[in-house]
Amino acid sequence: MVKARNLRSGKMAAMGGVLLLLAGCGGGGALPQMTAPCPRVAILADAADLTRFRAGGGRDLTAMELNASVAGFQARCDYAPGGAGLDVTLTPAFTAERGPAATGRAAEIPYMVAVAEGENRILARQAYAMRVEFPANVSRIQSRGRR
């Protein structure tokens, strides 16, 4: 679960392998008591996939540890207390494949959420990681973040 309002304060972590963008967040003045509209949420195609290889193992299938991609997301929007804009809660979903070079049954999938204004101006961003667990004899899973 990711809350966009939390992105406006604190230190920002380094970029992850996957990027989700929120456009048009914020606002000012008093907001009426009604259902909040969600801003446009987009997944950048260039950052939606991650393939991790074993260090020093080359770049072929036998050296692959993890292959993951953004499978979608759920978004929920509410007006923030005190007219402080919007609270946007994102729950990303990932498809992950455990490669032949993986040494364990768990993996971390890094991703990043950014608040953007227009096409090219990033107002805030924060890196996260989704931990996935592969059951025995299963090499491909779909995982959704917790709310």
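The values are calculated or read from the model by the stated rules, or taken from the named source; none is laboratory data. Treat the numbers as computed from the prediction; the structure is a model and nothing was measured. Using ideal geometry, Cβ is built from the backbone for each residue, glycine included, and neighbour counts are taken over all protein chains shown. When the accessible area is computed, the model is the full protein with side chains, heavy atoms only, and any ligands, DNA or RNA have been set aside. Shrake-Rupley method; radii C 1.70, N 1.55, O 1.52, S 1.80 Å.
Annotations
- Rounded to whole Hz, the Karplus (6.51, -1.76, 1.60) HN-Hα couplings of the stretch 107-117, x for glycine and proline: 8, 9, 10, x, 8, 9, 10, 10, 9, 10, 10
- A cut-off of 5 Å between modelled amide H atoms, ignoring neighbours fewer than 5 places along the same chain, links Leu86 with Gly26, Ala80.
- With θ taken as phi - 60° and the Karplus curve 6.51 cos²θ - 1.76 cosθ + 1.60 applied, the whole-hertz 3J(HN,Hα) list for the stretch 56-68 is x, x, x, 10, 10, 4, 5, 9, 6, 9, 8, 10, 9 Hz, x standing for glycine and proline.
- Dividing the alpha-carbon radius of gyration of the stretch 65-131 by the rule-of-thumb value 2.2 N^0.38 Å gives 1.46.
- Sorting Leu66, Leu123, Leu61 on solvent-accessible area from highest to lowest, probe radius 1.4 Å, gives Leu61, Leu123, Leu66.
- Residues in the stretch 86-117 reached by a label modelled at Glu133 [backbone nitrogen below 15 Å; 7 Å Cα→Cβ]: 104-108
- Accessible-area order (highest first, 1.4 angstrom probe) of the listed residues Leu90, Leu44: Leu44, Leu90
- Dipole magnitude for the stretch 39-92: about 80 debye, using +1 per Lys or Arg Cβ and -1 per Asp or Glu Cβ, origin at the Cα centre.
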